[in-house]
Amino acid sequence: MKFISLTTMISMSAAVLADILTDPSGGPCAQPGKLECGTLTGYNDGLPFIFWCLPTTQTIVVLGDCSCPSCCTVIKGGMGPGSYSSCT
């Protein structure tokens with residue numbers, strides 16, 4: 001019979017929980033069917049990321065991480081005429 005220490009179990013649980021709390025994928029979003037920029041403390045060092053807001057569930061699908069505080073731009077939802085999106 002193998003025994004896993006309580007410390008090991010707590011450490012593993014904390015690591016999994018930290019990932020859940022910092023990964024925005026699957027979280028709620030405000031503009032279904034459009035691209036958005038967002039930030040989340042603990043994700044991408046607090047820098048913006050660009051994501052698609054799923055129209056059916058209004059949840060986030062991360063498309064890319066941006067490299068500076070002002071490097072994410074979405075105009076008119078990033079879709080259709082006159083729209084624009086960028087994440088560098």
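The values are calculated or read from the model by the stated rules, or taken from the named source; none is laboratory data. Remember, it's a predicted structure, so these values are computed and weren't measured experimentally. Cβ: placed from backbone, ideal geometry, glycine included. Neighbour counts: every protein chain shown.
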Take the range 43-69 and flag every residue that is surrounded by fewer than 17 Cβ atoms within 10 Å (Cβ to Cβ), under 19 Å from residue 88 (Cα atoms) and not aliphatic (A, V, I, L, M).
45, 46, 64, 65, 67, 68, 69
With 57, 39 as the choices, which residue is in contact with a Leu (Cβ under 9 Å, 6 or more places away or on another chain) and at pLDDT 95 or above?
39
